[in-house]
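Each remark here refers to the structure printed beneath this line.
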Amino acid sequence: MNRIVVVGAGYVGLSVAIMLSQSNEVTILDIDDQKINAINNRKSPFVDERIDFCFNTFDLNLKATQEIGEALDSDAEIVVIALPTDYDANNKTLDTSCIDEYITEIALRCPEAYIVIKSTLPIGYINRNARNTTNQIIYCPEFLRETTALDDCLNPNRVVVGVDENDDMCKKAANHYVELIRCVSEKKDFEVFITGYLEAEAIKLFSNAYLAMRVCFFNELDNFAIINNAKSVDIINGICSDYRIGNYYNNPSFGYGGYCLPKDVKELIDCYPNSKECIFSSVVCSNKLRIDIILNDIKRHVSPNDTMGIYKLSMKKKSDNTRNSSMISLLKELVRIFGQSCIIVFDKEYDECLDLLGVEFVSDIEQFKKRADIIIANRVDEELEDSIDKVYSRDVFGLD
Ligand SMILES: NC(=O)c1ccc[n+]([C@@H]2O[C@H](COP(=O)([O-])OP(=O)(O)OC[C@H]3O[C@@H](n4cnc5c(N)ncnc54)[C@H](O)[C@@H]3O)[C@@H](O)[C@H]2O)c1
C-alpha cells in the first residue's frame with residue numbers, strides 16, 4: 001500500500017483517486033469546499049455512473065481535504081497532479097501556473113515523494129520548467145472522457161509515461177506507477193509506452209488534435225451533404241467500411257468542444273513556426289464554419305413565429321458538462337439572430353441558470369416538447385422519439 005496525494009478533484013483527479021484508493025491510502029486535495037464535502041459524503045460532484053456505483057458499493061481508503069498541510073505533510077510517497085491547464089489566449093499557451101506552484105510546494109513539503117503529472121502540458125514544459133525544481137517527476141497524460149471518466153481510468157487502452165530516459169530512478173518510478181495502475185485497473189493488458197518527457201507531452205496533444213480533426217472531417221462531409229441534399233449516413237457508411245478509416249468516431253455533430261479538444265488543438269498550433277498553414281489551424285476554422293452551416297440549415301427549417309427548443313446544453317448524452325459546448329455557441333448565435341423570446345431551453349442540469357442569455361429554461365420535458373415547434377438537438381435521446389418529426393439534428397448514429 002502506498003500513501004498517495006491527488007491534487008485536484010475534477011474529472012481526472014477524482015477518477016484517479018478513486019481508482020488508486022482501492023488498494024492505497026489516498027488523500028485528495030482541492031480548493032473547492034463543495035467538492036470536498038461531496039467526496040467525503042461519497043457523492044460524485046459530477047455526473048458519472050461508475051463513480052456513484054463505487055461510492056455506494058466499496059469502502060474506499062479515500063479522504064478529501066482543503067488543507068494543503070494535511071495533505072502534503074503526510075509523508076506522501078506519490079503526489080499526483082490533476083490541476084486545470086486552461087488555454088491562456090494572451091500568452092498563447094496552456095496556463096501551468098498552479099502546477100508550477102504545487103511542484104515547488106511538494107518539493108519543499110515532501111521531498112521524497114514522486115510527482116506524477118496527469119494534467120495536459122505544453123510540449124517541453126517538464127524539461128523547461130519542472131526539472132529546475134525537482135528530478136522526482138514523471139508525466140502520465142490522461143485520455144479519459146468526461147461522461148465515463150472512472151470507467152476509462154479503470155480500462156485504459158494504453159498508459160503513456162514520460163521520463164528522463166537517462167535517469168534510472170525516474171524510469172523505476174514510471175514502472176512502479178504503471179504497476180500501481182495495473183494492480184487496481186480492470187483491464188490488465190493495456191499497452192505501456194515509456195518515452196521521454198517531450199514525446200509523452202506530444203502524444204497527449206497530437207491524440208486530441210487527431211480526434212478534433214476527425215470530428216471536423218465527418219462534419220465537413222456532413223456540410224457537403226447538407227449543401228447537396230445528400231444522405232450523409234450513406235456516404236459515411238460507404239467510406240468507413242475501409243478498414244484504414246474505420247467505422248467509429250464518425251457521427252456528425254454541431255462541432256467539437258469540451259474541455260480538452262479546443263485547448264489542445266490551440267496549444268499544438270502554437271508549436272508551429274508557420275502556424276497559420278498547419279492542418280490544425282484549418283481544424284479550428286472548420287469547427288467555426290460548422291456552426292455557420294448549421295445555423296443556415298436551421299434557418300431553412302424554421303417558420304415565422306416558431307418556438308425553437310434547445311435540447312440540452314451539453315454536447316454528449318448523459319453529460320452535465322457544458323465547458324466549451326458547441327450547443328452554447330449555437331444558442332448564442334440563435335439568440336443573436338432570432339432574439340431570445342422565441343427560444344426555450346430544456347436541460348435538467350441547468351434549470352436554475354435562468355439568466356443564461358435571457359432565454360427561458362423549461363425543466364419539464366413534456367412541456368418542452370409540447371411548446372417547441374422545432375427541437376434542436378446535438379444528440380437525440382430516446383425521450384425525443386415521440387417528437388422526432390420536430391427534431392433538427394445531424395446525429396445519424398444515435399451515438400456520441
Ligand atoms: N476532463 C477531461 O476529459 C480530461 C481528459 C484528459 C486530461 N485532462 C486534463 O487534466 C487536467 C484536469 O482536468 P479536469 O477535467 O479534471 O479539470 P477540472 O476542472 O474538472 O478539475 C480541476 C480541479 O482542480 C481544482 N483546483 C483548481 N485550482 C486548484 C488549486 N490551486 N489547488 C487545488 N485544487 C485546485 C478545481 O477546484 C477542480 O476541482 C487538465 O489539464 C486537463 O486538460 C482532462
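Please determine, by comparing only the residues of the stretch 251-303 that are buried (at least 21 other Cβ atoms within 10 Å of the Cβ) and of a type in the set (Val, Ile, Thr), which one is nearest to residue 208 (Cα to Cα).
Among them, the one singled out is 265.
Please go through the stretch 168-196 and pick out each residue that is closer than 23 Å to residue 122 by Cβ, open to solvent by 10 Å² or more (accessible area, probe 1.4 Å) and in contact with a helix residue (DSSP H, G or I) (Cβ under 9 Å, 6 or more places away or on another chain).
Of everything in the stretch 168-196, those that are closer than 23 Å to residue 122 by Cβ, open to solvent by 10 Å² or more (accessible area, probe 1.4 Å) and in contact with a helix residue (DSSP H, G or I) (Cβ under 9 Å, 6 or more places away or on another chain) turn out to be 193, 194, 195.
So which of 212, 149, 200 is crowded, with 16+ Cβ neighbours inside 10 Å, in the same structural domain as residue 135 (by TED's automatic domain parsing), part of a helix (DSSP H, G or I) and aliphatic (A, V, I, L, M)?
Of the residues listed, the single one that is crowded, with 16+ Cβ neighbours inside 10 Å, in the same structural domain as residue 135 (by TED's automatic domain parsing), part of a helix (DSSP H, G or I) and aliphatic (A, V, I, L, M) is 149.
Being open to solvent by 30 Å² or more (accessible area, probe 1.4 Å), free of Cβ contacts under 8 Å to residues at least 12 places away in the same chain and within 14 Å of the ligand (Cβ to nearest atom): is that true of residue 101 here?
yes
Looking only at residues in the stretch 375-399 that are surrounded by fewer than 16 Cβ atoms within 10 Å (Cβ to Cβ) and not in a helix (DSSP H, G or I), which one is nearest to the chain's Cα centre (by Cα)?
399
Check residue 321 against each of (1) outside any helix (DSSP H, G or I); (2) open to solvent by 60 Å² or more (accessible area, probe 1.4 Å); (3) farther than 24 Å from residue 227 by Cβ and name the one condition it does not meet.
(2) is the only condition that residue 321 fails.
Taking the stated definitions as given, is residue 45 farther than 30 Å from residue 271 by Cα and not polar (S, T, N, Q)?
For residue 45, the condition - farther than 30 Å from residue 271 by Cα and not polar (S, T, N, Q) - is met.
Within the stretch 260-280, how many residues turn out to be of a type outside the set (D, E, K, R) and within 11 Å of the ligand (Cβ to nearest atom)?
Adding up the residues that qualify gives 3.
If you check every pair at least six apart or on different chains, which have Cβ atoms under 6 Å apart with a residue in the stretch 184-204 that is within 16 Å of the ligand (Cβ to nearest atom) first and a residue that is assigned to a helix (DSSP H, G or I) second?
197/126; 197/127
The values are calculated or read from the model by the stated rules, or taken from the named source; none is laboratory data. Please read all numbers here as calculations on a predicted model, not as lab measurements. Please note: Cβ atoms are built from the backbone with ideal geometry, for glycine as well, and neighbour counts cover all protein chains shown. For accessibility, only protein heavy atoms count, side chains too; no ligands or nucleic acids. Shrake-Rupley method; radii C 1.70, N 1.55, O 1.52, S 1.80 Å.
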